[in-house]
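A short worksheet on the structure shown next.
Nothing in this text is a laboratory measurement; each read-out follows from the coordinates by a stated rule. Since the structure is predicted, the reported quantities are computational estimates derived from the model, not experimental observations. Quick reminder, even Gly has a Cβ in these numbers, built from the backbone with ideal geometry, and neighbours come from all protein chains shown.
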Ligand SMILES: Cc1cc2nc3c(=O)[nH]c(=O)nc-3n(C[C@H](O)[C@H](O)[C@H](O)COP(=O)(O)O)c2cc1C
């Protein structure tokens, strides 16, 4: 079983969110799961430009790190999303 953790705090190793996601992944690992943690803020993910190509072709025009992350999301059996609250919502990095 593959469990993917995504941390979208930009605070790197100081991030409390990262620590919490790590704790969940540690628990999953102790139960025999294969785990991976991705810091989404370290990836280059371009903003949507509303070109609508994805509606027609099912693929984004941007050639960025999202493609690799999307593959990991599709391949995992469980997803742990960790986000600090910024202005009553998840961070912009996770939202876009
Ligand atoms: C720009 C900004 C906006 C924030 N907005 C909120 C908020 O609306 N509500 C809240 O409870 N905390 C808010 N916080 C506090 C963070 O959610 C909190 O510090 C969080 O623990 C940071 O997580 P991290 O250590 O993983 O970066 C905000 C922090 C920042 C930097």
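Relative contact order for the chain using alpha-carbon pairs under 8 Å, separation at least 6, rounded to a whole percent? After rounding, I find 43 percent. Using the alpha carbons alone, the radius of gyration of segment 2-95 stands to its Kirkwood radius in an Rg to Rh ratio of 1.01. Against the main long axis of the alpha-carbon atoms of the chain, helix 66-75 sits at an angle near 50°. Take the Cβ atoms of residue 33 and residue 65, set R0 to 22 Å, and the FRET efficiency comes out at 0.40.
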